[in-house]
Amino acid sequence: MISRPVLAYKLRAALISLSVFALFSVALGLLAWHYWFPGYLFWLDGGLQGLKIVLAVDFVLGPLLALVFFHPEKSRNKLVFDIVVIVTLQVGAMGWGAWQVWSQRPVAVVYGNQRFISVAPGIMKLQGESPRTLARFSTDTPPLIYRRETRDRREQQRLMTMLMRYGFHPESQAWLFEPFPPNRERVFDLQAEIRAHVRKELAGAWQDWVAGRAEPDLEAYRLAFYEGRYGSALLVFSQEGHSLGYLSLGDTPLPDLAPAVARPVSR
């Protein structure tokens, strides 16, 4: 049975380890929230969910190792060795966690098939694209991009080949990308249908969103849906196409507003 002094020593070591992870989690959370998953992406496309998984592992690992290995009766050399081992494992776990969240960040938000979706860096890298090269499509971070429709049977076959053979859904096929600003009218061509849906299904939530704003009229804004990995949102833009915010829809399915091509397979 562990004596009180030994238990107190182990608990103190565990708290020190826990404080290190707390500082790391704050830093990682700020990076994810402000840079890797800005705005609605943090809540709806993996920022929060990724942090939960990573921090659940990290917060258990360090304190557990401290409780198991630290003991006041160990020699100085053994304690130094234990500290080196634990710090190495902690740093490795924290680095792995940060990389996991960073590698799933959206590097583009692409419009196609009546909604925006985000695209992770891995699928873009396979096509020779990077955050730096994708910046040519818009000045937003991550950039907003328009995915054009195929123009003929040859292009349709190319789209389906990349979808079926490589798993690239249409909104991730970079050869179909076009800049967002010149295609704003195509992106916002369903405003009457979206506004009708907002008035019917989201009237209360919309009133909460516009409360205190200079312009409460729904007609003053342009709207588009966003479909994330963990939820959906109504994105709100100015008439010029500048992002003004969003209205979270949670896991509510997006409405079918008009005839469109078949929805791609799940990402």
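The values are calculated or read from the model by the stated rules, or taken from the named source; none is laboratory data. What you see is a predicted model; the values in this text were computed from it and never measured. Here the Cβ is made from the backbone with ideal geometry for all residues, glycine too, and neighbour counts use every protein chain on show.
For this structure, a couple of remarks:
- Number of positions in the stretch 165-185 that are in a helix (DSSP H, G or I) and either surrounded by 14 or more Cβ atoms within 10 Å (Cβ to Cβ) or under 25 Å from the mean Cα position of the chain (by Cα) (or both): 10
- Failed item in (1) of a type in the set (Lys, Arg); (2) closer than 30 Å to His34 by Cα; (3) modelled with pLDDT under 95, with Arg165 passing the rest: (2)
- Answer from Phe59, Phe81, Phe70 - the residue that is touching a helix residue (DSSP H, G or I) at 6+ places or on another chain (Cβ under 6 Å) and without any contact (Cβ under 8 Å) to a residue 60 or more places away in the chain: Phe59
Rundown of residues vs (1) out of contact with any Leu (no Cβ under 9 Å at 6 or more places or on another chain); (2) of a type outside the set (Val, Ile, Thr), yes/no style:
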position	(1), (2)
Ser3	yes, yes
Arg12	yes, yes
Val20	yes, no
Trp33	no, yes
Gly46	yes, yes
Leu55	no, yes
Pro63	no, yes
Lys78	yes, yes
Val85	no, no
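- Odd one out for Leu41 among (1) modelled with pLDDT under 80; (2) surrounded by 16 or more Cβ atoms within 10 Å (Cβ to Cβ): (1)
- Gly241 crowded, with 16+ Cβ neighbours inside 10 Å, in a loop (DSSP other than H, G, I, E, B) and not polar (S, T, N, Q): yes
- Yes/no for Gln100 being in a helix (DSSP H, G or I), in contact with a Ser or Thr (Cβ under 9 Å, 6 or more places away or on another chain) and among the polar types (S, T, N, Q): no
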